[in-house]
1. Let me confirm one metric for peptide B:87-93, namely the mean number of other chain beta-carbon atoms within 10 Å of its residues' beta-carbons.
2. Calculate the radius of gyration of the Cα atoms of chain B to one decimal place, then report Dmax, the largest Cα-Cα distance, as a whole number, both in Å.
3. D for the protein assembly as shown, whole µm²/s, Stokes-Einstein with Kirkwood Rh over alpha-carbon pairs at 20 °C and 1.002 mPa s: what number?
4. Hey, what D do you get for segment A:14-170 in µm²/s if you plug the Kirkwood alpha-carbon radius into Stokes-Einstein at 10 °C and 1.306 mPa s?
5. Rg and Dmax of chain A, using alpha carbons, in Å: what are they?
6. Taking the number of other C-beta atoms within 10 Å as the exposure measure, put A:14, A:128, A:167 in order starting with the fewest.
7. Using 0.36 nm per residue, how much length does the chain from residue A:262 to residue A:116 gain when fully extended, once their Cα-Cα distance is taken away?
8. Give the relative contact order (percent, whole number) for chain B; include only Cα pairs under 8 Å separated by 6+ residues.
């Protein structure tokens, strides 16, 4: 497939934002159970939510560049019964709204006790918003990934690994960003967040590695024989019917030589996993610069990872466009 | 339920591209609006087309066959492009099974084109909406035309009648008959999309001429030798000479 930068930025930016929000609420939950020291809620949760919101808005803006008619985008919320894209379009603003309210509750120090858990733990609005946001964050991961995973024609995407990897890669970059952010605003949480960032990065390496191994072994279901229905082992296209380009020759092929594809693969395998891992582990004791580098490198790697994710998917329609004469 | 479709006979298609040009002509000037070309006279022309005639070589030299393959938009019975559309712009008509795009609702997200294994959908670069074959829906129901003209443009244009048009769910229709009796098949059956359009395979035409077809064995004149026997160099004429 042709990797569109609008979609690459959309998926990586909102993935990092979702991971960041999950990291914020994980820290809040641990702190509520007195497993972590209570950070400065105003700075860490409030500004952290703002940072997540900025990433979400940036992703949303990027996504509009993918549309031919952005002014009709409101229509996309109508077919949620059948379309994962429609579901994503509903869940994304809902998640943004909850992140906004969550940040606002912390920003305004609005912590009235709504109820008390059996252990005597007070529940305030931010906790309820946090749970809602967590559910929506995972729902958004599933919607985004299912847009690709539900397409059975693109065998490289049609796998539960796609969903797992969207969650893990978004989580890894979000937790890394949260660790860097904590180094600046809540140093007492850095070790905890950087540790989780490292763990999720390692898990993501296994998930993405598994999908690379799986994709390398895929055998295309469609062949030239089934494409034109002629049962002969030797069929060669002599002409695709036109000499110029068309949507079919542009949209479904990345247009790069194999060497570029291989280079991008090795770049993201290094930049998403071992390099940030090194910085995450060395920054566990509060190195803002180290953790920020970890995030920047990992995010750059994720851009390459997403490019490769699209480029690697081989669409069966390409069988019809192999020769110009 | 009606399911209109094209049945394309690969045995008679000569690859003349008449269907391509007549389709473009009808649909670019039809009610669906223009099918825009960009840079038509430049180095890299591009544009929207609803069908293409492609050419394949089957076999190994010298035992090869050239197959002209009119690539059509299949109007699947189970169209995978329809449920993925987030706006409902892509839909399948209940009354005749035609898969259409509502150009006023389409947001140009291209998602439906990803969900089609046939590459049946093209984004119009100027209008920025998805376009696909409409089976000339603005033509086949046009009562101001004579009945013979109420067919898709490509069907009307084909000089060898390689394209048939009709309801494949009506077992008595010409298209159903052709599919049944000439081994019609859909493309990429492995995906379960059940394309409505079918293709009729190439057929080998062999003629075995028996000797008694050249020299009539039951010629009664030959039996009783009533007529003069002509010389061997003269032509054989049934009922006139004795052999």
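1. Per residue, the average neighbour count from other chains is 4.
2. Considering chain B through its Cα atoms, Rg and Dmax are 25.0, 86 Å.
3. 78
4. Using the Kirkwood radius from Cα pairs, D works out to 95 µm²/s.
5. 22.1, 77
6. Placing the least packed residue first, the sequence is A:128, A:167, A:14.
7. 47.1 nm
8. With pairs under 8 Å counted, the relative contact order is 25 percent.
Read-outs: derived from the displayed coordinates by stated rules, not from any lab. Keep in mind that what you see is a predicted model, and the values were worked out from it rather than measured. Cβ sites come from the backbone with ideal geometry, for glycine too, and all protein chains shown count toward neighbours.
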